[in-house]
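Written below as C-alpha coordinates is the structure these notes are about.
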Amino acid sequence: MEQEKLRFHNGVFKIMVIGDLHEPDVIESIDAQRRTSDAMRLLAAAADKLRPDLAVYAGDQGKSGDEARMRALIRRITAPLREREIPYAVVFGNHDRECELPLSRQLALYREEYDRLYTYDTPGLPGCGNCCVPVYDAAGEKPVWRLWQADSLGGYPDPAVSPYDWLQPEQVAWYRRTAAENKAADGRVLPALWFMHIPVREEYRLLRKAKWYELPWSVKGFAGRQGSRYIQKDRSIGYLGEDPAAAAVNSGIFEAWKETGDVKAAVFGHDHMNDFAGEVDGILLCQCKTAGFYPYTDGCSGGVRLITLYEDDPARVDTRMVRFKELGLKSESLGPVMRHFHDRQVINIRVASAVGGAVLGLAGLLIAGRRWRGRRSGKAK
Ligand SMILES: [Fe+2]
(Lines give C-alpha, C1' and ligand atoms only; values in the text may rest on other atoms or scores of the structure.)
Protein backbone atom coordinates (compact mmCIF):
# COMPACT_ATOMS: atom_id res chain seq x y z
CA MET A 1 0.00 0.00 0.00
CA GLU A 2 1.31 3.40 -0.94
CA GLN A 3 2.32 5.56 1.99
CA GLU A 4 0.13 8.56 2.72
CA LYS A 5 1.63 11.79 1.36
CA LEU A 6 2.95 14.48 3.66
CA ARG A 7 0.93 17.58 2.90
CA PHE A 8 0.13 21.10 4.05
CA HIS A 9 -2.91 21.66 6.24
CA ASN A 10 -4.66 25.02 6.43
CA GLY A 11 -1.75 26.61 4.56
CA VAL A 12 0.98 25.50 6.95
CA PHE A 13 3.25 22.51 7.51
CA LYS A 14 4.66 22.19 11.03
CA ILE A 15 7.72 20.15 11.93
CA MET A 16 8.77 19.29 15.47
CA VAL A 17 12.49 18.52 15.72
CA ILE A 18 13.67 16.29 18.56
CA GLY A 19 17.38 16.46 19.37
CA ASP A 20 19.73 14.00 21.07
CA LEU A 21 17.55 11.96 23.41
CA HIS A 22 20.38 9.52 24.25
CA GLU A 23 17.89 7.11 25.78
CA PRO A 24 19.37 3.91 27.26
CA ASP A 25 18.09 0.49 26.29
CA VAL A 26 17.41 -0.62 29.86
CA ILE A 27 15.56 1.49 32.40
CA GLU A 28 15.67 0.00 35.84
CA SER A 29 16.78 2.55 38.39
CA ILE A 30 14.39 5.16 39.76
CA ASP A 31 16.71 7.84 38.39
CA ALA A 32 16.53 6.35 34.88
CA GLN A 33 12.76 6.08 35.09
CA ARG A 34 12.52 9.74 36.04
CA ARG A 35 14.83 10.87 33.24
CA THR A 36 12.90 8.94 30.63
CA SER A 37 9.62 10.15 32.08
CA ASP A 38 10.77 13.78 31.81
CA ALA A 39 11.78 13.34 28.17
CA MET A 40 8.64 11.48 27.15
CA ARG A 41 6.40 13.98 28.94
CA LEU A 42 8.20 16.71 26.99
CA LEU A 43 7.51 14.99 23.65
CA ALA A 44 3.89 14.31 24.55
CA ALA A 45 3.20 17.84 25.80
CA ALA A 46 4.96 19.40 22.80
CA ALA A 47 3.07 17.16 20.37
CA ASP A 48 -0.24 18.09 22.05
CA LYS A 49 0.53 21.79 21.97
CA LEU A 50 2.10 22.04 18.51
CA ARG A 51 0.17 19.34 16.62
CA PRO A 52 3.02 18.94 14.10
CA ASP A 53 2.51 17.44 10.67
CA LEU A 54 5.86 15.68 11.03
CA ALA A 55 8.42 15.06 13.77
CA VAL A 56 12.12 14.63 12.98
CA TYR A 57 14.50 12.85 15.32
CA ALA A 58 17.78 14.71 14.83
CA GLY A 59 20.17 11.89 15.78
CA ASP A 60 21.66 10.21 18.88
CA GLN A 61 18.31 8.74 19.79
CA GLY A 62 19.79 5.91 21.86
CA LYS A 63 21.58 2.66 21.23
CA SER A 64 21.66 -1.02 22.05
CA GLY A 65 23.53 -3.95 20.59
CA ASP A 66 20.59 -6.19 21.40
CA GLU A 67 17.78 -6.13 18.83
CA ALA A 68 14.92 -6.82 21.26
CA ARG A 69 16.12 -4.04 23.55
CA MET A 70 16.61 -1.66 20.63
CA ARG A 71 13.08 -2.39 19.48
CA ALA A 72 11.80 -1.60 22.98
CA LEU A 73 13.83 1.63 23.01
CA ILE A 74 12.43 2.71 19.64
CA ARG A 75 8.92 1.77 20.74
CA ARG A 76 9.36 3.88 23.88
CA ILE A 77 10.73 7.04 22.24
CA THR A 78 8.22 7.00 19.38
CA ALA A 79 5.16 6.24 21.52
CA PRO A 80 4.24 9.92 22.15
CA LEU A 81 4.09 10.43 18.36
CA ARG A 82 2.51 7.14 17.34
CA GLU A 83 -0.22 7.53 19.97
CA ARG A 84 -1.08 10.89 18.39
CA GLU A 85 -0.75 9.59 14.81
CA ILE A 86 2.07 11.99 14.02
CA PRO A 87 4.40 10.82 11.24
CA TYR A 88 8.11 10.99 11.85
CA ALA A 89 11.51 10.88 10.19
CA VAL A 90 14.84 9.81 11.66
CA VAL A 91 18.37 10.99 10.94
CA PHE A 92 21.21 9.14 12.60
CA GLY A 93 23.92 10.65 14.80
CA ASN A 94 27.46 9.66 15.66
CA HIS A 95 26.37 7.75 18.78
CA ASP A 96 23.64 5.77 17.01
CA ARG A 97 26.35 3.79 15.20
CA GLU A 98 28.28 2.91 18.37
CA CYS A 99 26.60 -0.45 18.82
CA GLU A 100 26.58 -3.78 17.03
CA LEU A 101 23.11 -3.29 15.57
CA PRO A 102 23.67 -1.74 12.13
CA LEU A 103 21.89 1.47 11.24
CA SER A 104 20.05 -0.27 8.40
CA ARG A 105 18.53 -2.66 10.96
CA GLN A 106 17.72 0.23 13.29
CA LEU A 107 15.91 1.99 10.43
CA ALA A 108 14.01 -1.22 9.71
CA LEU A 109 12.93 -1.36 13.36
CA TYR A 110 11.64 2.20 13.18
CA ARG A 111 9.62 1.18 10.10
CA GLU A 112 8.31 -2.03 11.63
CA GLU A 113 7.11 0.00 14.61
CA TYR A 114 5.19 2.52 12.51
CA ASP A 115 4.23 2.64 8.85
CA ARG A 116 4.38 6.44 8.88
CA LEU A 117 8.18 6.66 8.95
CA TYR A 118 9.31 9.14 6.29
CA THR A 119 12.95 8.18 6.05
CA TYR A 120 14.34 5.91 3.35
CA ASP A 121 17.80 4.73 2.67
CA THR A 122 19.26 5.57 -0.71
CA PRO A 123 21.41 2.57 -1.67
CA GLY A 124 25.08 3.04 -2.46
CA LEU A 125 25.68 6.07 -0.24
CA PRO A 126 27.80 6.27 2.91
CA GLY A 127 25.80 6.03 6.13
CA CYS A 128 22.11 5.31 6.36
CA GLY A 129 18.90 7.27 5.79
CA ASN A 130 20.10 9.67 3.11
CA CYS A 131 16.90 10.65 1.30
CA CYS A 132 14.71 13.42 -0.03
CA VAL A 133 11.01 13.44 0.88
CA PRO A 134 8.38 15.64 -0.82
CA VAL A 135 5.72 17.65 1.00
CA TYR A 136 2.60 18.13 -1.10
CA ASP A 137 0.08 20.93 -1.34
CA ALA A 138 -3.14 20.63 0.66
CA ALA A 139 -4.84 18.76 -2.16
CA GLY A 140 -1.98 16.28 -2.30
CA GLU A 141 -1.57 16.91 -6.03
CA LYS A 142 1.89 18.39 -6.42
CA PRO A 143 5.00 18.67 -4.24
CA VAL A 144 5.67 22.19 -2.93
CA TRP A 145 8.57 21.58 -0.51
CA ARG A 146 11.26 18.95 -0.16
CA LEU A 147 12.87 17.60 3.01
CA TRP A 148 16.44 16.38 2.71
CA GLN A 149 17.77 14.00 5.32
CA ALA A 150 21.45 13.11 5.45
CA ASP A 151 23.69 10.94 7.60
CA SER A 152 26.58 13.11 8.85
CA LEU A 153 28.44 9.87 9.81
CA GLY A 154 30.44 9.32 13.00
CA GLY A 155 33.87 9.82 14.50
CA TYR A 156 36.85 10.10 12.17
CA PRO A 157 39.49 7.37 12.67
CA ASP A 158 42.31 9.91 13.02
CA PRO A 159 41.27 12.59 15.55
CA ALA A 160 44.38 14.57 14.64
CA VAL A 161 42.73 15.20 11.26
CA SER A 162 39.19 15.67 12.56
CA PRO A 163 37.22 14.50 15.60
CA TYR A 164 34.27 13.74 13.30
CA ASP A 165 33.86 12.42 9.83
CA TRP A 166 32.31 14.71 7.25
CA LEU A 167 29.70 14.33 4.54
CA GLN A 168 31.39 12.32 1.81
CA PRO A 169 31.78 13.44 -1.84
CA GLU A 170 29.32 10.71 -2.90
CA GLN A 171 26.66 12.24 -0.64
CA VAL A 172 27.30 15.76 -1.96
CA ALA A 173 27.20 14.45 -5.54
CA TRP A 174 23.96 12.57 -4.78
CA TYR A 175 22.44 15.81 -3.46
CA ARG A 176 23.44 17.76 -6.57
CA ARG A 177 22.23 15.00 -8.89
CA THR A 178 18.91 14.47 -7.11
CA ALA A 179 18.25 18.20 -6.83
CA ALA A 180 18.77 18.50 -10.61
CA GLU A 181 16.35 15.60 -11.20
CA ASN A 182 13.80 17.21 -8.87
CA LYS A 183 14.10 20.51 -10.74
CA ALA A 184 13.52 18.77 -14.06
CA ALA A 185 10.48 16.94 -12.67
CA ASP A 186 8.98 19.98 -10.90
CA GLY A 187 9.78 22.50 -13.63
CA ARG A 188 11.34 24.77 -11.01
CA VAL A 189 13.47 24.67 -7.87
CA LEU A 190 11.24 23.85 -4.92
CA PRO A 191 12.22 25.21 -1.50
CA ALA A 192 13.74 22.64 0.83
CA LEU A 193 14.88 21.96 4.38
CA TRP A 194 17.96 19.92 5.29
CA PHE A 195 18.12 17.72 8.40
CA MET A 196 21.45 16.34 9.61
CA HIS A 197 22.97 15.51 12.99
CA ILE A 198 26.40 17.19 12.98
CA PRO A 199 26.37 20.89 12.06
CA VAL A 200 28.23 22.38 9.12
CA ARG A 201 31.38 24.43 9.77
CA GLU A 202 29.61 27.51 8.43
CA GLU A 203 27.86 27.82 11.83
CA TYR A 204 30.99 29.62 13.00
CA ARG A 205 30.03 32.44 10.65
CA LEU A 206 27.24 33.21 13.15
CA LEU A 207 29.92 33.70 15.82
CA ARG A 208 32.82 36.07 16.41
CA LYS A 209 35.86 36.01 18.67
CA ALA A 210 35.08 37.19 22.18
CA LYS A 211 36.67 40.29 23.72
CA TRP A 212 38.21 39.87 27.17
CA TYR A 213 35.18 41.24 28.99
CA GLU A 214 32.90 38.87 27.06
CA LEU A 215 34.71 35.74 28.22
CA PRO A 216 32.13 34.75 30.89
CA TRP A 217 29.51 34.13 28.21
CA SER A 218 31.85 32.88 25.50
CA VAL A 219 32.55 29.30 24.37
CA LYS A 220 35.83 27.82 23.23
CA GLY A 221 36.34 26.91 19.58
CA PHE A 222 36.41 23.35 18.27
CA ALA A 223 38.46 21.36 15.77
CA GLY A 224 41.20 23.81 14.77
CA ARG A 225 39.67 26.72 16.65
CA GLN A 226 40.51 25.63 20.21
CA GLY A 227 42.78 28.62 20.80
CA SER A 228 39.96 31.17 20.62
CA ARG A 229 36.72 31.84 22.41
CA TYR A 230 33.54 32.83 20.63
CA ILE A 231 30.25 34.61 21.18
CA GLN A 232 27.26 35.09 18.91
CA LYS A 233 27.08 37.87 16.36
CA ASP A 234 23.93 39.97 16.56
CA ARG A 235 22.28 38.20 13.64
CA SER A 236 21.83 34.89 15.40
CA ILE A 237 19.12 34.42 17.99
CA GLY A 238 18.85 31.74 20.64
CA TYR A 239 21.46 30.29 22.93
CA LEU A 240 25.12 29.45 22.40
CA GLY A 241 26.06 27.14 25.26
CA GLU A 242 29.02 25.25 23.81
CA ASP A 243 31.44 25.15 20.91
CA PRO A 244 29.74 24.03 17.68
CA ALA A 245 31.33 20.61 17.15
CA ALA A 246 31.54 20.45 13.38
CA ALA A 247 34.10 18.30 11.56
CA ALA A 248 37.47 19.91 10.91
CA VAL A 249 37.13 19.28 7.17
CA ASN A 250 34.54 21.15 5.14
CA SER A 251 32.45 18.74 3.05
CA GLY A 252 31.37 21.46 0.62
CA ILE A 253 27.66 20.78 1.19
CA PHE A 254 26.96 24.37 2.19
CA GLU A 255 28.41 25.65 -1.08
CA ALA A 256 26.33 23.02 -2.92
CA TRP A 257 23.17 24.30 -1.18
CA LYS A 258 24.00 27.84 -2.30
CA GLU A 259 24.63 26.79 -5.88
CA THR A 260 21.47 24.69 -6.08
CA GLY A 261 19.38 27.32 -4.32
CA ASP A 262 16.76 25.04 -2.81
CA VAL A 263 17.80 24.73 0.85
CA LYS A 264 16.21 27.57 2.84
CA ALA A 265 17.12 26.19 6.26
CA ALA A 266 19.24 23.41 7.74
CA VAL A 267 18.61 21.90 11.17
CA PHE A 268 21.19 20.14 13.32
CA GLY A 269 21.43 18.34 16.65
CA HIS A 270 24.72 17.07 18.16
CA ASP A 271 25.52 20.10 20.35
CA HIS A 272 23.18 19.49 23.26
CA MET A 273 23.26 22.97 24.71
CA ASN A 274 23.02 25.08 21.55
CA ASP A 275 19.73 26.35 20.18
CA PHE A 276 20.78 29.43 18.24
CA ALA A 277 19.60 30.09 14.72
CA GLY A 278 20.75 32.60 12.15
CA GLU A 279 21.20 33.21 8.44
CA VAL A 280 24.46 32.64 6.62
CA ASP A 281 24.40 33.68 2.97
CA GLY A 282 20.60 33.49 2.99
CA ILE A 283 20.41 29.99 4.50
CA LEU A 284 18.98 29.69 8.02
CA LEU A 285 21.20 27.45 10.16
CA CYS A 286 19.33 26.14 13.21
CA GLN A 287 20.64 24.27 16.21
CA CYS A 288 18.26 22.05 18.12
CA LYS A 289 19.33 21.37 21.67
CA THR A 290 18.66 18.10 23.42
CA ALA A 291 15.16 17.02 24.31
CA GLY A 292 16.63 14.38 26.61
CA PHE A 293 17.52 14.18 30.27
CA TYR A 294 20.41 11.71 30.01
CA PRO A 295 23.05 13.70 28.10
CA TYR A 296 24.90 16.69 29.44
CA THR A 297 22.34 19.40 29.40
CA ASP A 298 21.23 22.81 30.51
CA GLY A 299 18.93 21.65 33.22
CA CYS A 300 15.31 22.26 32.37
CA SER A 301 15.79 24.38 29.25
CA GLY A 302 15.73 21.35 26.94
CA GLY A 303 12.98 21.32 24.38
CA VAL A 304 11.99 20.74 20.79
CA ARG A 305 12.35 23.02 17.79
CA LEU A 306 9.23 24.01 15.88
CA ILE A 307 9.58 24.83 12.19
CA THR A 308 6.63 26.26 10.32
CA LEU A 309 6.44 26.37 6.52
CA TYR A 310 3.82 28.33 4.58
CA GLU A 311 2.17 27.08 1.41
CA ASP A 312 1.62 30.57 -0.05
CA ASP A 313 5.06 31.93 0.93
CA PRO A 314 7.86 29.52 -0.03
CA ALA A 315 10.59 31.89 1.15
CA ARG A 316 9.28 31.99 4.71
CA VAL A 317 10.59 29.66 7.42
CA ASP A 318 9.53 30.39 10.99
CA THR A 319 11.26 28.59 13.82
CA ARG A 320 11.55 28.69 17.59
CA MET A 321 12.40 26.44 20.50
CA VAL A 322 9.56 25.18 22.67
CA ARG A 323 11.00 24.38 26.07
CA PHE A 324 10.22 21.94 28.83
CA LYS A 325 9.34 24.71 31.28
CA GLU A 326 7.25 26.61 28.75
CA LEU A 327 5.04 23.54 28.45
CA GLY A 328 4.22 23.80 32.15
CA LEU A 329 6.20 20.69 33.05
CA LYS A 330 8.14 20.06 36.25
CA SER A 331 11.22 17.88 36.13
CA GLU A 332 11.29 14.74 38.24
CA SER A 333 14.91 13.89 37.44
CA LEU A 334 16.79 17.17 37.89
CA GLY A 335 18.19 18.18 41.25
CA PRO A 336 17.06 21.33 43.08
CA VAL A 337 19.76 23.49 41.45
CA MET A 338 19.39 22.52 37.80
CA ARG A 339 15.62 22.43 38.18
CA HIS A 340 15.76 26.20 38.61
CA PHE A 341 18.98 27.18 36.86
CA HIS A 342 18.56 26.30 33.27
CA ASP A 343 21.29 28.17 31.56
CA ARG A 344 24.92 27.32 32.18
CA GLN A 345 26.15 30.68 30.93
CA VAL A 346 23.85 32.51 33.31
CA ILE A 347 25.57 30.53 36.05
CA ASN A 348 28.97 31.51 34.58
CA ILE A 349 27.96 35.17 34.56
CA ARG A 350 26.65 34.99 38.13
CA VAL A 351 29.79 33.26 39.34
CA ALA A 352 31.96 35.80 37.47
CA SER A 353 29.89 38.66 38.95
CA ALA A 354 30.16 37.19 42.45
CA VAL A 355 33.93 36.70 42.11
CA GLY A 356 34.32 40.18 40.60
CA GLY A 357 32.20 41.70 43.39
CA ALA A 358 34.20 39.89 46.06
CA VAL A 359 37.51 41.09 44.54
CA LEU A 360 36.24 44.68 44.36
CA GLY A 361 34.94 44.46 47.92
CA LEU A 362 38.27 43.16 49.21
CA ALA A 363 40.14 45.83 47.29
CA GLY A 364 37.85 48.47 48.79
CA LEU A 365 38.42 47.13 52.29
CA LEU A 366 42.18 47.08 51.72
CA ILE A 367 42.23 50.69 50.51
CA ALA A 368 40.00 51.84 53.38
CA GLY A 369 42.23 49.98 55.86
CA ARG A 370 45.39 51.63 54.49
CA ARG A 371 43.80 55.10 54.65
CA TRP A 372 42.66 54.50 58.21
CA ARG A 373 46.14 53.32 59.22
CA GLY A 374 47.64 56.30 57.37
CA ARG A 375 45.42 58.72 59.30
CA ARG A 376 46.30 57.08 62.61
CA SER A 377 50.05 57.22 61.96
CA GLY A 378 49.64 60.88 60.84
CA LYS A 379 47.95 61.72 64.08
CA ALA A 380 50.77 60.09 66.07
CA LYS A 381 53.44 62.41 64.60
FE1 LIG B 1 24.46 13.68 21.21
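The values are calculated or read from the model by the stated rules, or taken from the named source; none is laboratory data. Keep in mind it's a predicted model, so treat the numbers as computed, not measured. We place every Cβ from the backbone using ideal geometry, glycine too, and count neighbours over all the protein chains shown. SASA here: full protein model, heavy atoms, side chains in, ligands and nucleic acids out. Shrake-Rupley method; radii C 1.70, N 1.55, O 1.52, S 1.80 Å.
From the set of residues in segment 319-367 that are outside any strand (DSSP E or B) and of a type in the set (Ser, Thr, Tyr), which is modelled with the lowest pLDDT? Even if it seems obvious, please write down each step before you answer.
Step one: list which residues in segment 319-367 are outside any strand (DSSP E or B), which gives 324-367.
Now narrow it down to the ones that are of a type in the set (Ser, Thr, Tyr): 331, 333, 353.
On the way: Ser331: 89, Ser333: 89, Ser353: 67.
The extreme case among them is Ser353.
Identify, from the list Ala192, Ala256, Ala265, Ala246, the residue that is within 16 Å of the ligand (Cβ to nearest atom) and open to solvent by less than 20 Å² (accessible area, probe 1.4 Å). Explain how you work it out, then say what you get.
Details: Ala192 fails: within 16 Å of the ligand (Cβ to nearest atom); Ala256 fails: within 16 Å of the ligand (Cβ to nearest atom); Ala265 fails: within 16 Å of the ligand (Cβ to nearest atom).
One residue alone meets the criteria, Ala246.
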Next item on the list: Quickly run through segment 265-286 and pick out the residues that are outside any strand (DSSP E or B), within 19 Å of Trp148 (Cα to Cα) and under 8 Å from the mean Cα position of the chain (by Cα).
Entry: Gly269, His270
Check: Which condition breaks for Asp234 when tested against (1) at pLDDT below 90; (2) touching a helix residue (DSSP H, G or I) at 6+ places or on another chain (Cβ under 6 Å); (3) acidic (Asp, Glu)?
Finding: (2)
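Only one of Thr290, Thr297 is within 16 Å of the ligand (Cβ to nearest atom) and open to solvent by less than 10 Å² (accessible area, probe 1.4 Å). Can you tell me which?
Numbers: Thr297 fails: open to solvent by less than 10 Å² (accessible area, probe 1.4 Å).
Among Thr290, Thr297, only Thr290 is within 16 Å of the ligand (Cβ to nearest atom) and open to solvent by less than 10 Å² (accessible area, probe 1.4 Å).
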Note to self: Testing Arg305 on (1) free of Cβ contacts under 8 Å to residues at least 24 places away in the same chain; (2) assigned to a strand (DSSP E or B), one condition comes back false. Which one is that?
What the structure shows: (1)
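For Ala58, are the conditions met, namely being modelled with pLDDT of 95 or more, more than 16 Å from the ligand (Cβ to nearest atom) and either closer than 26 Å to Arg7 by Cβ or of a type outside the set (Lys, Arg) (or both)? It would help to see each step written out before you state the result.
Values: modelled with pLDDT of 95 or more: yes; more than 16 Å from the ligand (Cβ to nearest atom): no; either closer than 26 Å to Arg7 by Cβ or of a type outside the set (Lys, Arg) (or both): yes.
Here the answer is no, as Ala58 does not meet what is asked.
Check whether at least one residue in segment 84-94 is of a type in the set (Val, Ile, Thr), under 25 Å from Phe13 (Cα atoms) and part of a helix (DSSP H, G or I), and report yes or no.
No.
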